[in-house]
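The values are calculated or read from the model by the stated rules, or taken from the named source; none is laboratory data. Keep in mind it's a predicted model, so treat the numbers as computed, not measured. Note that we place each Cβ from the backbone using ideal geometry, even for glycine, and neighbour counts take in every protein chain shown.
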Amino acid sequence: MKRRLILVLSVVLALSLFLSACGDSKQPQEEVNQPVDSEQEVSQETDKPQVPQVLKYGTDAEPGGLDPHTISAASSIRIFKQIYNTLIDVDDDMNYIPELAKSWEQPDDITYIFYLREGVKFHNGREMTADDVKYSFERVLDPDTAAIGVSYYDKIDTMEILDDYTIKFTLKEPFAPFMGNLTSLYGAIVPKEFVEEHENLMVEACGTGPFKLQEWVPDNRVVLVKNEDYFEEGQPKLDAIEYYVMTDESARLAALRTGNVHLIKLPAASLPLVEGNPDINVLPFQTNDYSYLGFNLTLDKFKDVKVRQAISYALDRQEIIDTVYDGEATISGFVTPAMGRWAIDYASKDLYKQNIEKAKQLLADAGYPNGFETTIAVGLFDDIRNIGEVIQKQLEAIGIKAEIQNLETGQYIDAWSNKGHEMMVGRNGAGTDPNRSVAFFFSTTGSANVWGYSNPRVDELCEMGMVTIDEKEREAVYNEAQELVLEDSPNLFMSSHMDYFFSRKEMKNFTPSTFNSEDFSKVVIE
Amino acid sequence: MRAYIIRRFLTLIPILIGISLSIFLIMQLIPGDVVSGMLGIEANPELRANLEKKLGLDRPLHEQYLSWIGNAVKGDFGKSFRTDKEIFPEILSRFKITFQLTVMAAVISWIIAIPLGIISALKRNTIIDGIVRFIALLGVSVPNFAFATLSILFLSKVFKYYPPVGYAGLFADPAKNLKIMILPAIILGAIMSGSIMRMTRSSLLEVMRQDFIKTIRAKGASEKVVLFVHALKNALIPIITLIGMQIGSLLGGTVVTEQIFSIPGLGQMVLTGINQRDFPVVQGSILFIAFVYVVINIIVDILYTYIDPRITFKVGR
Amino acid sequence: MDWFKTLIKEIAKVIKGLLKDKVGRIGLIGVLIVIVLALGAPMIATHDVTEMFAKSKLKPPSGDFLFGTDDFGRDVFSRIIFGARVSLKVGIISVGISATSGFILGILAGYYEGKTDGIIMGIMDVLFAFPSILLALFIVSVLGPNLTNTMIAIGIVSTPVFTRTVRASVISVKSMEYITSAKSIGLSSIRIILKHVAPNILAPFTVQATLALSSAILTEASLSFLGLGIQPPNPSWGSMLSDSRKYMELAPWLAIAPSAFIIGTILSFNLLGDSLRDVLDPKFKL
């Protein structure tokens, strides 16, 4: 009898839950004309209600931890970029601009002196000094931290605190990318006592940035609130930023249409869906990413440069751009057009022009007159998968039968790092300094050179690029390196695509740019 | 009966040991590891070694397993490799959300499916039966992502409605919580109802043709009594089996719906854990899901005897 | 060769029975149509399934492209026709694997109970509790990624469902009088199972099988990014449907075409299954 009672009770409970929910679901109609819905919203009574300065941003992925020194995921950087600062920053013309350092000088090739802003406060209220700068780089270089940016800063020999607001870095040898590397959040300035108290910075955060962390509900939202003591006068304008994880594209768009969020990012394919919608603005910006087709150079068929060049001639890069990005991408090399003067003109190169005859000839010369069978590994992003499909189709023309291997995230990364592939489509960020674009990916010891590529002259140029401080000379060095890599074709490069912010018309003063796509410092909600 | 229940619960122990061992081994065997995932493109031997040491991955396998299972027994599932958060409290808080969604979806599906299934069986091979069966097939052949995407599209374009974005707990803010949960629950429930409807129909038909029903009919019982008192009760066993399995699979299988509606449930946690090869998260949450699943099935088995007293379970001597 | 003749006769009788039944006729015709589509794909298809018409991306159905084009500018109609091959194969074979093993395991567990039951259901619980994606990943890494292993993976993943259903039915049938009496007159266990128990669980079993068929067709797609399943650009209904998700608003035909074919196929199999059950089991005449 008791069991029966429990059964009945549980059914009643479940029923009541359902009924109450049903009753609730009728509410939506009432809200039709009140799109921004939140308990913090102003009451109807005030005649001219002040719009809450809260930016609601529907993001595509959950952050993977908030430690700027150990996390490289874009979903995390987006958030801790608002929390932490670096010594210096870079503008869209790739000039260095002050951030925590108000000025700097370089007495010789290996010495850098930074003069810090005074009165900059961490979110815990303590003033930031040269001591924190020293601690932050020590933390990065400590193997126990397992920080990512070790290679960015391991040329630092000593750090000397000249006074509270002055710090002198002495390098082991001249290292031209040093300034560029300082703009990376891998070198964010963190407060010592906070790190020690929390052991790490994965779920807690305390920086000097315009916003401080208030709440992180996993797989749902991160809430940042205004740092009242932010060093830039009058910034930020917003009282809070709320990041909502919405992995589904159509859900993001629906939430934007109904005004539940102010800002989302979507690929070019979604552009027609908001055309003519007066409530939504589209804000395009050029990314610094490029897509590539990589070869496993330890395999016989790809050892021969003729085969790689043949494949380059077989590709129609514009068709890839038209099909995958709806035309909204630029033909690119591994130094992207966004990097301005550093990039050579790839589009005009012979290797970038489809030439099936020449491709067949080269293949025949290499001993594959009838082509061969191979595989193309793809994964991670839809555009990578789609590029793989177009390439596969284009290669049929020269007799190469490529089978697509669509890999799960873990498998894909594994295949990338362990040469578990024949050909592979991927996407890289070119970085803020050509040293990154060239040496990191294509020098023999470059840690992202997973292809087995080695060209002594390229290595030599990478060495020169690191120690050449004169900008014009550096440019010449990297131009030569680019020409060589292009000719050797260890990777074939496709395009650098556009990204799109879709924003509500209520969100004002937001202009995304390549190197600072999420600068919300001037944003207001009307 | 009591002995049976105790014995069933005792079988939990080997099952959980089996799961923990196999999940541990599988995580080792599948390609990809957390270090590559975390470092991504930045990986180099030095960074790998640093990180492996930091995460304790440089220890021998058996040591890793024993220390994990030893702590797990004490309710300590360790910390996430990625976020360094305590896993067990996280699992519990995620489970509450998924559980609520599952219960709501299940109730909705029963309300839709069982009456329709009965009608369909009674009106066998009529137009009504045809329509009901067709709807049921829609439920099983339309994947939930399609259904969810369509609903979102429809609501946002026609009614300019989208559920509130930030998640709120059932007890923290019931109204907001239900607003968030009702749509995904209806979608999951509607899809679940397809198979329950089919099962109700066919097992009711199966029972109706059996001798004892004929006997009862012959004895002059009214059709209502035949149906609701005798037939339905006997038809329930396969239905309950199916419901038990569906609830079990929903616990880990609401991922797509959770993702589309940004509900921070257990399914998302497991999937993210698998993608990132976050071993402790995957191991802990699967162990937990397995535990809940097995318990649900024990309850289902016990329900059999409750519904059909003729069924007795042999108790091992 | 006597048994062979009897078999042919029996099959002929079943088919005759099916054709007599209205439901069976519709089901049989539907299934035949799908099989013909799959076999005759090269003749029926109007375009090359991988050919990309860059100028005609996401075009709605027209005379040239009967079901419109997808995001690569490929002909959806031809892809549907060729997709039938993969989807049918995956559906039938993987359900065959899981139904057979589930049937045997379920009968063993339900009939013998005790230790056998404990062990079998224990293994099933372990299997069921694992996220299918993890099991599939495991199977890929052990067996390697190809279509056959996809079918094995799906087959293994859905075995517990069958086992549970069959076991539950066996338990409920077992307590019925005629089984008890069969036992009391000394019939051997195997014979009891084959003669009395098996026909009785046919109903929930066919339902489960048709349900599993659709989920197998859909699961194939979700495994394609593990390197399992059919790899792009080759089409399958499941993968076409899951690719359509992004274009639900822009190009709804991408979702409608594969859905309609999946539903049509499942419906046909379903009707066929129901009718088959009636024909096979003469008791089942209300």
- Query: Can you name every residue in segment A:350-394 that is within 18 Å of A:Ser332 (Cα to Cα) and in contact (Cβ under 8 Å) with a residue 60 or more places away in the chain?
  - Reply: A:Leu351, A:Asp383, A:Ile384, A:Asn386, A:Ile387, A:Val390, A:Ile391
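Just to check your reading of the model, which residue among C:Ala203, C:Ala153 is of a type outside the set (Lys, Arg), crowded, with 24+ Cβ neighbours inside 10 Å and within 18 Å of B:Arg198 (Cα to Cα)?
Working: C:Ala153 fails: within 18 Å of B:Arg198 (Cα to Cα).
Criteria check complete, one pass: C:Ala203.
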- Message: When the residues of segment B:36-60 are narrowed to those that are closer than 21 Å to A:Ala73 by Cβ and outside any helix (DSSP H, G or I), which ends up farthest from the other protein chains (Cβ to nearest Cβ)?
- Response: B:Leu57
- Message: Looking only at segment A:73-116, filter to residues that are surrounded by fewer than 18 Cβ atoms within 10 Å (Cβ to Cβ) and polar (S, T, N, Q); which one of those is farthest from A:Met464 (Cα to Cα)?
- Response: A:Ser75
- Message: Need the failing condition index for B:Val282 against (1) at pLDDT 75 or above; (2) touching a Ser or Thr at 6+ places or on another chain (Cβ under 9 Å); (3) at the interface with chain C (Cβ under 8 Å from one of its Cβ atoms), just the number.
- Response: (2)
- Task: Search segment B:225-244 for residues being within 11 Å of chain C (Cβ to nearest Cβ) and without any contact (Cβ under 8 Å) to a residue 40 or more places away in the chain, and hand back the single one that is surrounded by the most Cβ atoms within 10 Å (Cβ to Cβ).
- Result: B:Ala235
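Out of the residues in segment C:51-69 that are more than 14 Å from every other protein chain (Cβ to nearest Cβ) and in contact (Cβ under 8 Å) with a residue 24 or more places away in the chain, which is nearest to A:Glu389 (Cα to Cα)?
Restricting attention to segment C:51-69, the residues satisfying the condition of being more than 14 Å from every other protein chain (Cβ to nearest Cβ) are C:61-68.
From what's left, in contact (Cβ under 8 Å) with a residue 24 or more places away in the chain: C:61, C:67-68.
On the way: C:Pro61: 23, C:Phe67: 21, C:Gly68: 19 Å.
Out of the qualifying residues, it is C:Gly68.
Which of the following residues is surrounded by 17 or more Cβ atoms within 10 Å (Cβ to Cβ), in a helix (DSSP H, G or I) and not assigned by TED's automatic domain parsing to the domain that holds B:Asn297: B:Ile13, B:Ile23, B:Ile6?
Numbers: B:Ile13 fails: surrounded by 17 or more Cβ atoms within 10 Å (Cβ to Cβ); B:Ile6 fails: surrounded by 17 or more Cβ atoms within 10 Å (Cβ to Cβ).
When all the criteria are applied, what remains is B:Ile23.
I need the full set of residues from segment A:124-156 which are within 14 Å of chain B (Cβ to nearest Cβ) and not in a loop (DSSP other than H, G, I, E, B), in order please. First the steps, then the outcome.
Step one: filter segment A:124-156 for residues within 14 Å of chain B (Cβ to nearest Cβ), giving A:139-154.
Within segment A:124-156, A:Arg139, A:Val140, A:Leu141, A:Pro143, A:Asp144, A:Thr145, A:Val150, A:Ser151, A:Tyr152, A:Tyr153 meet the criteria.
Quick check on this structure: which one of C:Ile139, C:Ile190 is of a type outside the set (Phe, Trp, Tyr) and either in contact with a helix residue (DSSP H, G or I) (Cβ under 6 Å, 6 or more places away or on another chain) or crowded, with 22+ Cβ neighbours inside 10 Å (or both)?
The unique qualifying residue is C:Ile139.
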- Task: Name the single residue, out of those in segment B:26-35 being in contact (Cβ under 8 Å) with a residue 40 or more places away in the chain and part of a helix (DSSP H, G or I), that is nearest to the chain's Cα centre (by Cα).
- Result: B:Met27
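Could you tell me how many of the residues in segment A:223-241 are surrounded by fewer than 17 Cβ atoms within 10 Å (Cβ to Cβ) and among the basic types (Lys, Arg)?
Restricting attention to segment A:223-241, the residues satisfying the condition of being surrounded by fewer than 17 Cβ atoms within 10 Å (Cβ to Cβ) are A:228-229, A:232-235, A:239.
Checking the rest, the ones that are also among the basic types (Lys, Arg) come to none.
Selection size over segment A:223-241: 0.
Take the conditions assigned by TED's automatic domain parsing to the domain that holds B:Glu223, out of contact with any Leu (no Cβ under 9 Å at 6 or more places or on another chain) and without any contact (Cβ under 8 Å) to a residue 60 or more places away in the chain and apply them to B:Lys85. Does it pass?
Spelling it out, it is not the case that B:Lys85 is assigned by TED's automatic domain parsing to the domain that holds B:Glu223, out of contact with any Leu (no Cβ under 9 Å at 6 or more places or on another chain) and without any contact (Cβ under 8 Å) to a residue 60 or more places away in the chain.
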- Message: So for segment B:187-209 (the condition being touching a residue at least 24 places away in the same chain (Cβ under 8 Å), over 30 Å from B:Thr102 (Cα atoms) and within 14 Å of chain C (Cβ to nearest Cβ)), does at least one residue qualify?
- Response: yes
- Sole miss for A:Glu480 among (1) assigned by TED's automatic domain parsing to the domain that holds A:Met424; (2) in contact (Cβ under 8 Å) with a residue 24 or more places away in the chain is condition (2)
- Residue count for segment A:440-475, restricted to those that are of a type outside the set (D, E, K, R), surrounded by 15 or more Cβ atoms within 10 Å (Cβ to Cβ), without any contact (Cβ under 8 Å) to a residue 40 or more places away in the chain and part of a helix (DSSP H, G or I): 5
- Can you name the condition, by its number, that A:Arg504 falls short on among (1) in the same structural domain as A:Glu242 (by TED's automatic domain parsing); (2) at pLDDT below 90; (3) surrounded by 16 or more Cβ atoms within 10 Å (Cβ to Cβ)? (2)
- Message: Taking the criterion of being small (Gly, Ala, Ser), farther than 20 Å from C:Gly229 by Cβ and more than 13 Å from chain B (Cβ to nearest Cβ), would at least one residue in segment C:73-80 satisfy it?
- Response: yes
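Hey, among the residues in segment A:243-270 that are facing chain B (nearest Cβ under 7 Å) and outside any loop (DSSP other than H, G, I, E, B), which one's surrounded by the most Cβ atoms within 10 Å (Cβ to Cβ)? Quick ask: steps written out before the conclusion?
Quick first cut of segment A:243-270, residues facing chain B (nearest Cβ under 7 Å) only: A:244-248, A:250-251, A:254-255, A:257-258, A:260-261.
Keeping just the survivors that are outside any loop (DSSP other than H, G, I, E, B) gives A:244-245, A:250-251, A:254-255, A:257.
Values: A:Tyr244: 24, A:Val245: 23, A:Ser250: 24, A:Ala251: 26, A:Ala254: 29, A:Ala255: 25, A:Arg257: 22.
By that ranking, first place goes to A:Ala254.
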- Item | Test set (1) part of a helix (DSSP H, G or I); (2) of a type outside the set (Asp, Glu); (3) more than 19 Å from C:Ser244 (Cα to Cα); (4) at the interface with another protein chain (Cβ under 10 Å from one of its Cβ atoms) - A:Leu395 fails condition number | (4)
- Report yes if C:Pro131 is crowded, with 20+ Cβ neighbours inside 10 Å and at pLDDT below 80, otherwise no. yes
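Does segment B:143-174 hold any residues that are at the interface with chain A (Cβ under 7 Å from one of its Cβ atoms) and more than 29 Å from B:Ile114 (Cβ to Cβ), and which are they? Spell out how you get there, then give the answer.
Just the residues of segment B:143-174 that are at the interface with chain A (Cβ under 7 Å from one of its Cβ atoms), to begin with: B:149, B:152-153, B:156, B:159-162, B:164-167.
Across segment B:143-174, the qualifying residues are B:Leu153, B:Ser156, B:Phe159, B:Lys160, B:Tyr161, B:Tyr162, B:Pro164, B:Val165, B:Gly166, B:Tyr167.
Would you pick out the residues in segment C:96-125 that are hydrophobic (A, V, I, L, M, F, W, C) and either in contact with a Phe, Trp or Tyr (Cβ under 6 Å, 6 or more places away or on another chain) or within 12 Å of chain B (Cβ to nearest Cβ) (or both)?
First, pick out the residues of segment C:96-125 that are hydrophobic (A, V, I, L, M, F, W, C): C:97, C:99, C:103-105, C:107-109, C:119-121, C:123-124.
Scanning segment C:96-125 gives C:Ala99, C:Ala109, C:Ile119, C:Ile120, C:Met121, C:Ile123, C:Met124.
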- Task: State whether the residues of segment B:65-82 include one that is crowded, with 16+ Cβ neighbours inside 10 Å and facing another protein chain (nearest Cβ under 7 Å).
- Result: yes
- Residues that are within 18 Å of the chain's Cα centre (by Cα), assigned by TED's automatic domain parsing to the domain that holds B:Arg133 and closer than 30 Å to A:Tyr57 by Cα: which helices (runs of 4 or more DSSP H) entirely in segment B:196-309 hold 1 or more of them? B:232-253, B:255-260, B:266-276, B:279-307
- Please verify whether segment A:480-503 includes one or more residues that are within 23 Å of the chain's Cα centre (by Cα) and part of a helix (DSSP H, G or I). yes
- Options A:Leu224, A:Leu201; residue that is of a type outside the set (S, T, N, Q), in contact with a helix residue (DSSP H, G or I) (Cβ under 7 Å, 6 or more places away or on another chain), in contact (Cβ under 8 Å) with a residue 60 or more places away in the chain and in a strand (DSSP E or B): A:Leu224
